[in-house]
Amino acid sequence: MDLPLKLAIARLSNGVSPVALAQAQTDWWLHLMASPSRQAQLAASALHKAQAWWHYLGHAAQGPCEDCVAPAPQDKRFSRPEWQRFPFNALAQAFLLQQQWWDEATHGVRGVSRHHEDVTAFVARQWLDMLSPSNSPLLNPQVLHETLRTGGANLARGAVNWARDAMAVAAGGQARGLQAFQPGQAVALTPGQVVMRNELIELIQYEPATPTVWREPVLVVPSWIMKFYILDLTPADSLVRHLVAQGHTVFMVSWRNPGSEDAGLGLDDYLRLGALAALAAVRERCPGAGVHAMGYCLGGTLLAMAAALLGARGDSGLRSLTLLAAQVDFQEPGELGLFIDDSQIAFLEDIMAERGYLDGQRMAGAFQLINSKDLVWSKLVHEYLMGARTPVTPMRAWNADATRLPARMHGEYLRRLYLHNDLAEGRYRVDGEPVNLDEIRLPLYLLATERDHVSPWTSVYKLLRMARAPTRFVLSSGGHNVGIVSPPEGPLASPEAAYRVGEWAPREAPGDPQDWFAHTRPQTGSWWPDWSHWLAGHSSRRVKARPVAGLRVRGHTVPAPGSYVFDPPPAAST
């Protein structure tokens, strides 16, 4: 009886629990109403900001003058020259002052829980971002200029763009331009073969590109929330191709996109059938050689669990461990934590009960809310008001290639890792066996990115105080994806790429990551060569390269990128 109602609510709220939002808003509102002193402070602040704006308005009407409030460094909505002219500069200043006041109003109310305070501030930002003058065709000077210049043709083109997108969404199809970036045709082009397959993963081994290779192979475990080819986009920005060119034998896990029949798959199944099964297959193909294991995002969390289990068992199969943007302590998970509480998780579990999985589009919706200025409203202005077309890039096409998450696994992942923080606090068990991060004692390369909304770098840093491992910590510029996909040379190399490095003996990293950041100078360029050099330093010797002998399915080998990357897999490869 509950399910139809909750599914209807989920469609309206994009999967966000309205009860969780109401709890946060009520907590904030009632405590604010019970605090006359805080109300007086906010009233005084509002009056002060109004006076500042009127003062600015008088001077701005006469010519250029100093702003009374500056936007955040990452806020580019009012950076164009058109916004510096009157009266648009006054509109921008009024909006920024209002935004500043709401930030004050939603923080510092005595008695409000930290989580409810963060949710309330987040909701206020969503409303403000929606109501920004930059989103209005009547208040945005760029849109007004383009409308006058083209006689309104920009709005007509924008209406066509909107109609195309709306029809694609209504039909459940892909947005325009994505079809040009199919794996194996425009992306995921590094040659290789599927060498192992089970009900959850395919294991791809890439062909060597050098006469000799390092004896120790590299096993890559990406997150199952995303397709693996983020690490093998195009030849110009493929981390896989870079590793192969450096003489490494690379294996890649490709997760199968689950369906309703996989609703009962749990987090332990992903560990057993995913990371541990892949590691066993690599060791079988490279006998006697330790494995350099690398995990990205949630794949890194899973790999840290595997390394801790193997360490406790005295298994020496791993040569080193590399974790990219991977958290093991979820006490401060960043803005994703806004969607993590008992009410929200129960709501998601009810939604997943219908089909047995969480649709990838709902996960994508959460990420869009976190960065709505860039992912939602900038698109509205650029494509629907300016009438332009945003070119589809390999990264954007990959980002739209969403995956599904089995109901049981996703519920366990949210409750055990995010909500209860069982892994960091020593309560996580796999088939009764404790997972103790203290058992990670092999060389560790830990990488985080500065502007990561998914895995904040200060949260990633916490592993340094848990693992008993000699560690090289690298903080790359960029965000969760762009900071990882950072080719060192070629047309896609970023001139702004930089990274900071710290290297310590076990548990000797500074306790305050911000203090380390302040006293560490960045190095220019990509972090890829640094990691390649580190891998080489922890490898033994080079041996003669051998061609890959792929798994035979129905008498034929399956070339990279395999079949699990497709949804549904091609019939000839299943």
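Some observations on this one:
- Residue check for residue 547: open to solvent by 40 Å² or more (accessible area, probe 1.4 Å) and over 30 Å from residue 203 (Cβ atoms): no
- Any hit, segment 110-120, residues being over 29 Å from the mean Cα position of the chain (by Cα) and either within 21 Å of residue 41 (Cβ to Cβ) or modelled with pLDDT under 95 (or both): yes
- Members of segment 233-247 found to be farther than 19 Å from residue 275 by Cβ and either of a type outside the set (A, V, I, L, M) or within 22 Å of the chain's Cα centre (by Cα) (or both), listed by number: 233, 234, 235, 236, 237, 238, 241, 242, 246, 247
- For beta carbons closer than 7 Å, sequence separation of 6+ or different chains, a first residue in segment 338-349 that is in a helix (DSSP H, G or I) and a second that is modelled with pLDDT under 90 and open to solvent by 30 Å² or more (accessible area, probe 1.4 Å), the qualifying pairs are 347/6.
- Residue check, residue 511 over 22 Å from residue 242 (Cβ atoms), out of contact with any Asp or Glu (no Cβ under 6 Å at 6 or more places or on another chain) and buried (at least 17 other Cβ atoms within 10 Å of the Cβ): no
- Residue 478 vs. criteria open to solvent by less than 20 Å² (accessible area, probe 1.4 Å) and closer than 26 Å to residue 232 by Cα: yes
- Top-ranked residue in segment 386-426 [being over 16 Å from the mean Cα position of the chain (by Cα) and among the basic types (Lys, Arg); ranked as surrounded by the fewest Cβ atoms within 10 Å (Cβ to Cβ)]: 389
- Residues of segment 522-542 satisfying the condition of being under 13 Å from residue 494 (Cα atoms) and touching a helix residue (DSSP H, G or I) at 6+ places or on another chain (Cβ under 8 Å): 528
- Scan of segment 19-73 for residues that are free of Cβ contacts under 8 Å to residues at least 40 places away in the same chain and open to solvent by less than 30 Å² (accessible area, probe 1.4 Å), ordered by number: 56, 60, 63, 69
- Subset tally (residues that are of a type in the set (A, V, I, L, M, F, W, C), open to solvent by 20 Å² or more (accessible area, probe 1.4 Å) and under 30 Å from residue 286 (Cβ atoms)) for segment 312-346: 2
- Evaluation of residue 465 against (1) at pLDDT below 95; (2) closer than 29 Å to residue 238 by Cα; (3) of a type in the set (D, E, K, R) (one fails), failing number: (2)
The values are calculated or read from the model by the stated rules, or taken from the named source; none is laboratory data. Because the structure is predicted, anything quoted here is derived from the model rather than measured. Here Cβ is always computed from backbone atoms with ideal geometry, including for glycine, and neighbour counts include all displayed protein chains. Note: accessible area is taken over every heavy atom of the protein model, side chains too, but ligands, DNA and RNA are not part of it. Shrake-Rupley method; radii C 1.70, N 1.55, O 1.52, S 1.80 Å.
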